[in-house]
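Just so you know, all these numbers are worked out from the coordinates, no wet-lab data involved. Given the structure is predicted, the values throughout are model-derived calculations rather than measurements. Neighbour counts run over all protein chains shown; Cβ positions are idealised from the backbone, glycine included.
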Amino acid sequence: MSAAPRPVAALEEADPPPVLVEGEGRVGRISLNRPKALHALDLDMVQAMTGALLEWLGDPAVKLVLIDHAEGRGFCAGGDVITIARSSQGHGAAGQAFFFQEYRLNHLMYTYPKRGVVFMDGITMGGGVGIACPCKYRIATERTVLAMPETSIGLFPDVGGGRYLSRLRGRIAQFLALTGARLDGAECVALGLATHYIPSDRLADVKRELIEVPEHVEAILRAAQIEPPPARIVDNYAIIDRCFASDRLEDIFAALAADGSDWAKKELATLGTKSPTACKVSLRLLVESPRQFHFLDEMRLEYGIVVRMFRHPDFIEGVRALLIDKDNAPRWTPATPEEVADEMIDRIFEPLPAREAWTPLEELQ
Ligand code: QUE
């Protein structure tokens with residue numbers, strides 16, 4: 001007996017896949033395609049990307065991986081934290097599975113032997129930074145807005161953020177991680193987070209050229225890039241290094257208060273809206289990350305932290321205040337830096353028991 005024909009209406013109403021995966025000649029192309037959520041990554045998207053990258057790993061025809069977004073504004077707002085926050089109020093299995101697989105994807109990309117080009121043409125935050133930074137060629141445009149804003153929702157700069165941030169000049173890492181400051185495309189180039197600055201109206205041509213002749217990636221990008229406008233953050237290097245010099249959150253608050261400039265007043269006010277626990281965890285991570293030898297060690301460290309943090313009340317409260325109710329008035333527990341004892345942070349950094357610990361993809365073990 002033949003199966004009942006599938007109703008046409010169901011086909012028409014089906015959501016498009018959240019990631020478009022295409023082999024275009026010698027280029028493997030991954031286009032994020034969840035425009036209603038600014039292409040925030042969920043577990044299905046992570047698995048689709050991982051599957052495609054593993055397939056291309058064993059396909060000698062694929063010379064280059066191209067990562068961009070399809071419809072609407074780009075590039076990637078982060079992880080699907082609303083779903084994860086809802087999960088963490090129950091047993092949290094879905095959240096834990098998401099981070100486990102997301103970090104496996106981050107690690108696959110970091111160790112991937114083929115070159116990647118990412119187009120950060122729009123919002124690139126959190127999880128979006130985690131899939132962009134491992135790419136050899138990172139394209140910024142006049143629409144790029146890059147940030148690690150996790151302390152706003154009780155988390156910390158994960159997805160390799162400990163590594164990427166702690167390698168930036170001076171005390172930029174501490175500034176970006178604590179305040180969630182947004183960088184434009186020119187600032188990304190100045191800091192080395194982006195490798196090329198290309199006007200967004202040239203991207204379609206650049207992608208077509210890459211798909212035609214992926215071997216010429218460097219020449220194609222070099223020909224398309226322009227001199228970015230001046231990077232404003234450069235003017236603030238000195239004050240950032242001064243005010244964010246300490247690894248103690250209380251010292252940073254005090255330095256900003258003592259500085260008294262308009263800039264320091266504004267950053268002090270911003271810092272006051274962030275989860276004090278998340279800020280202390282972020283500062284500790286930036287001390288620990290440079291001691292991690294392999295990226296695998298960084299992922300194992302961050303996974304242990306995130307397993308504790310996504311069950312912390314500040315994560316649920318942060319997602320509620322910023323993304324669900326949008327009242328922008330999170331009530332943190334503890335509410336002040338002084339109330340967050342070092343022992344509380346120590347517990348969050350304790351290694352997980354072996355049976356729960358993060359492991360890389362079997363294919364990479
Ligand atoms: C901090 C974050 C995230 C955030 C806001 C923060 C984040 C994230 C999103 C987000 C934004 C729009 C969406 C969505 C998620 O916002 O990681 O689904 O439609 O994904 O202050 O870390």
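For the range 223-365, the C-alpha radius of gyration divided by 2.2 N^0.38 Å, with N the number of residues, is 1.27. So which chymotrypsin sites (Phe, Trp or Tyr not before Pro) in the range 299-365 pass both tests, a DSSP loop state and at most 14 other Cβ atoms within 10 Å of the Cβ? Loop-located and lightly packed - none at all. I'd like the orientation of helix 93-111 relative to the chain: the angle between its Cα long axis and the longest Cα principal axis, in ° from 0 to 90, rounded to 10. That helix lies at roughly 70 degrees to the long axis. For the chain, the dipole from Cβ point charges (+1 on Lys and Arg, -1 on Asp and Glu) about the Cα centre works out to 240 debye, to the nearest 20.
What number, in nm² with one decimal, is the all-direction average of the projected area of the convex hull of the alpha-carbon atoms of the range 73-196?
Numbers: hull surface 29.7 nm².
Average projection, Cα convex hull of the range 73-196: 7.4 nm².
Our Cα-only numbers for the range 1-139 put the radius of gyration and Dmax at 16.3, 54 Å.
Using +1 on the beta carbon of Lys and Arg, -1 on that of Asp and Glu, and nothing else charged, what's the dipole of the range 251-365 about the Cα centre, debye to 20?
Numbers: 14 positive and 21 negative charges, 54 e Å.
That gives a dipole near 260 debye.
Both radii come from the Cα set of the range 283-342: Rg as radius of gyration, Rh as Kirkwood radius; their ratio Rg/Rh reads 1.08.
Between Pro35, Ala335, Ala181, the Cα set farthest toward the positive side of the dipole of the chain (charges on each charged residue's Cβ, about the Cα centre) is that of Ala181. Counting every C-alpha pair in the range 214-266, the share spaced more than 16 angstrom apart comes to 59%. Between the alpha-carbon centres of the range 264-281 and the range 156-185 there is a gap of 14 Å. Helix content alone sets the calculated 222 nm mean residue ellipticity of the chain: runs of n ≥ 4 DSSP H residues at -39500 (n - 2.57) each, divided across all residues, give -13000 deg cm²/dmol. In summary, the chain shows an alpha-carbon radius of gyration equal to 1.01 times the 2.2 N^0.38 Å reference for compact globular proteins.
When only Cα pairs under 8 Å and 6 or more residues apart are kept, what is the percent relative contact order across the chain?
On the way: 638 pairs, mean separation 59.3, N = 365.
The value is 16 percent.
Normalised by 2.2 N^0.38 Å, where N counts its residues, the alpha-carbon radius of gyration of the range 260-311 equals 1.47. The Cα atoms of the range 146-226 cover 44, 25, 22 Å along the three principal axes, with the biggest extent listed first. The calculated pair-distance distribution of the range 14-54 uses every alpha carbon pair, bins of 5 angstrom beginning at 0, and gives 6, 24, 31, 23, 11, 4, 0 percent. Look at the dipole of the chain built from charges on Cβ: of Met299, Tyr164, Leu105, the Cα furthest out on the positive end belongs to Tyr164. Dipole of the chain computed with +1 at Lys/Arg Cβ and -1 at Asp/Glu Cβ about the Cα centre; of Ile123, Cys133, Gly78, farthest Cα towards the positive end is Cys133.
Classify the range 57-111 from the C-alpha gyration tensor, please: rounded if a/c falls under 1.5, else prolate or oblate depending on whether a/b exceeds b/c. Note, shape of the range 57-111 comes out oblate. Pairs Lys114/Lys136; Lys36/Lys326; Lys136/Lys207; Lys274/Lys326; Lys36/Lys136: which exceed 19 Å Cα-Cα? Listed pairs above 19 Å: Lys36/Lys136.
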